[in-house]
Amino acid sequence: MQLLKLNWLSIKSKLIVMLLSVSGASILVTAYLGYRSGHANLTDRVFNQLTSVRASKAYQIESYFKTIRNHLQTLSNDPSVETAITEFTNAYKQLNNAPLPTDAANRISTYYRQEFLPRLGKNDQGEPVVTSFLPESIASNYLQYYYIAQNPHPVGKKHLLDQANDNSEYSRLHGRYHPVFRNIIEKFGYYDLFLIDADGNLVYTVYKETDFATSLVVGAYNESNFARLFAAVRRAKERGYSRIVDFESYAPSYGAPAAFIASPVYDAAGQFKGAIAIQIPVDEINNVMTGNRQWAQDGLGKSGETYLVGEDFLMRSVSRFLVETPDGYYKTLADLGVNANTIDRIRQYNTSILLQQVRTPAVSESLMGKQGIQIIPDYRNIPVLSAYGLLKIEGLRWAILSEIDLAEAYAPIYDFERQLLVSATLLMLLVIVLAMAMASVFVKPINQLIAGARQVAAGQLDAIANLQSRDEFGELVQSFNLMVASLSEQTALVAVKGLEMERLLLSILPSAIAKRIKQGEHDIGEIVNNVTVLFADLVGFSRLLDTLPPLESINYLSELVTAFDEAADRFGMEKIKTIGDRYLAVCGLSVPYLDHDKRAIDFAIEMQAIVRRFCQEHSFSLELSAGINSGEIISGIVGKTKFVYDIWGETINQANAFCNACPDGAIIVSTDIYKRLSDIYTFEAWEIPMQRRHPTGIYTLPAWKLVK
């Protein structure tokens, strides 16, 4: 019999090997041919898609900059712009002889210290020096005083002021021209618009940042890219000329990357009157490159992006991964060893422009004027399919790249591979299943026991294995069922004991503390801020004890305390303990409340109402006095075997003093609570005598009595 069994198993093994060999060979040949064809076709399709996206984005960016250039050149040739520069220049010069308000220097310095430098400091690596940025000329101080420091609109909204109330010629001109120029930047989406006189003074800006009324020739901004742009425009001596300058960190924009385009302005006689400039909006460039953050709709999937890189190998548009998954983006940079200061600046500016370095072969070839497609590691060191080229924008040398992760681009190939693997596995499994059908019949009882054991492991303690057999398997199933029944009984007993323990903890501790003890914490102690402590005294109950039997008096007290506890739950108060006929509760201990002090007062009023109803029902004469204080307390567990939860601190001591000195049936609160709630409740001043912590031994503590 054993020999026959071995021969049968040997034949099954040979059959499995034969079927698997034939099936495996055919699958491998088919998979290889399909993979080669699919890989080539998919690669061509993805590269064509990336090239199309790159060309489309390049056209949009080039058209956008061409539109800006044409618009600026049109404005520079507009006689009204020339008139505006001339009039603003003359008015600006007149202000150099104007008297400054007495508080001008102080108000301007205060604005720089409180508004400008803190914002600049967040995005700068050092600590800015205020004297390096303050305006120098009288006209600069005059205009920054009236249009920045005295401007009633907040930072970022200074452009909403049409005209200052200083009765100057400048303000009269500003009231006439400002709505027009403001409408231009709002309609065309520019960041800012500038009028510069022939000497390099910014005689007008729309948004009134700290470069307003300053000089691009001398002063804080004479080395900025904006200053270099003006110098180039002034040297050009060509009507209709325009020039653009690449992004650099610009202090008046709080260190954010800024690019500018400017054109000279000449009068009819050909005399250079100044320049008109526009600060190019970064958001518009990002909107074009990201497709308004709709990469998937642009055909770039979950990992594709199109971005710009300058000659310095730094980004000129925002990274998709910074926009969508900033935490993952920062982690990737840190893993690549990027300087921590650079990562911090990216986080502070919330942009990768001028901060993310992209030194890849595709960028290098693009900057050399080439275009093409490659599979390369991108700036995250992740393999990507990249389509690259050079933008045709006069004055800028920017590479444009459309890329998508290789893993996503080849996902259909990988899916095809997985499908082949699954198909081969299923075929092999089918052969194996057919060959081992008889063995499955033999191991069926064991499988039933395994299934029952898994149900028990998953918590189904009522799992019973059913097997009608009188052999060893039947005895094994019977023993298993007895074990499961015993385990179920033990588990139920443990659950009952656990519920009893939980109810016991909740009866003596706040729910949050009981939960922490149940989770295994033993040493609990902490400082809690912004809580309100209530001490309540049941006045007259001690006298009542002399006239009632002990059990009856305890029942009455229990009735009151139960009513107090129910009211405490409604008002968000946590009872700490009762001391005889005194009741201590806290609001904001386990669950923070913004109105913890109001809840405590409302709870005290409700307690008094409970006492009054109790007295009417039982014909007793009792009053409830309460002392309420808010502040910081210490809470924790005291003791190991017979522990108790308690609270300490000066806040509690003062609440106790309020309660001790409180007139019968009154509510005394601290000065802090009075200040916060005096518009809700009516209080009258009260003084509490204190017996300690004072050279005289006695001093009075100011307090307030609630007037009902």
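The values are calculated or read from the model by the stated rules, or taken from the named source; none is laboratory data. Please read these numbers as outputs of a predicted model, since none were measured by experiment. Cβ sites come from the backbone with ideal geometry, for glycine too, and all protein chains shown count toward neighbours. Calculation scope for accessible area: heavy atoms of the full protein, side chains included, ligands and nucleic acids excluded. Shrake-Rupley method; radii C 1.70, N 1.55, O 1.52, S 1.80 Å.
Checking ALA604, ALA563, ALA568 one by one, the residue that is within 21 Å of ALA661 (Cβ to Cβ), part of a helix (DSSP H, G or I) and in contact (Cβ under 8 Å) with a residue 24 or more places away in the chain is ALA604 and no other. Filtering region 177-204 to residues that are open to solvent by less than 30 Å² (accessible area, probe 1.4 Å) and under 31 Å from the mean Cα position of the chain (by Cα) leaves ILE185, GLY189, TYR190, ASP192.
Among the residues of region 624-637, are any open to solvent by 40 Å² or more (accessible area, probe 1.4 Å) and either of a type in the set (Ser, Thr, Tyr) or within 30 Å of GLU559 (Cβ to Cβ) (or both)?
Initial filter on region 624-637 (open to solvent by 40 Å² or more (accessible area, probe 1.4 Å)): 632, 634.
With the extra rule that they be either of a type in the set (Ser, Thr, Tyr) or within 30 Å of GLU559 (Cβ to Cβ) (or both), the set shrinks to none.
Within region 624-637, not a single residue is open to solvent by 40 Å² or more (accessible area, probe 1.4 Å) and either of a type in the set (Ser, Thr, Tyr) or within 30 Å of GLU559 (Cβ to Cβ) (or both).
Taken together, the residues in region 535-560 that are under 16 Å from GLU623 (Cβ atoms) and touching a residue at least 12 places away in the same chain (Cβ under 8 Å) amount to 12.
Taking the criterion of being touching a residue at least 24 places away in the same chain (Cβ under 8 Å) and among the hydrophobic types (A, V, I, L, M, F, W, C), the residues of region 369-381 that qualify are ILE373, ILE375.
For region 588-601, which positions are part of a helix (DSSP H, G or I) and open to solvent by less than 50 Å² (accessible area, probe 1.4 Å)? The answer is HIS596, ASP597, ALA600, ILE601. Across region 211-227, the number of residues qualifying as open to solvent by less than 10 Å² (accessible area, probe 1.4 Å), more than 17 Å from ALA139 (Cβ to Cβ) and free of Cβ contacts under 8 Å to residues at least 40 places away in the same chain comes to 2. Here TYR207 passes the criteria (1) closer than 26 Å to GLU284 by Cα; (2) open to solvent by 40 Å² or more (accessible area, probe 1.4 Å); (3) out of contact with any His (no Cβ under 6 Å at 6 or more places or on another chain) except the one numbered (3).
The set of residues in region 138-165 being open to solvent by 40 Å² or more (accessible area, probe 1.4 Å) and under 14 Å from ALA104 (Cα atoms) consists of ILE138, TYR146, GLN150. Taking the criterion of being farther than 29 Å from TYR593 by Cα and either of a type in the set (Lys, Arg) or part of a helix (DSSP H, G or I) (or both), the residues of region 548-560 that qualify are PRO550, LEU551, GLU552, SER553, ILE554, ASN555, TYR556, LEU557. Residues in region 553-604 that are modelled with pLDDT under 90, under 23 Å from TRP648 (Cβ atoms), small (Gly, Ala, Ser) and over 34 Å from the mean Cα position of the chain (by Cα): GLY580 only. Scanning region 255-306 for residues that are surrounded by fewer than 20 Cβ atoms within 10 Å (Cβ to Cβ), on the phi < 0 side of the Ramachandran plot, over 25 Å from the mean Cα position of the chain (by Cα) and in a loop (DSSP other than H, G, I, E, B) turns up ASP267, ALA268, ALA269, GLN271.
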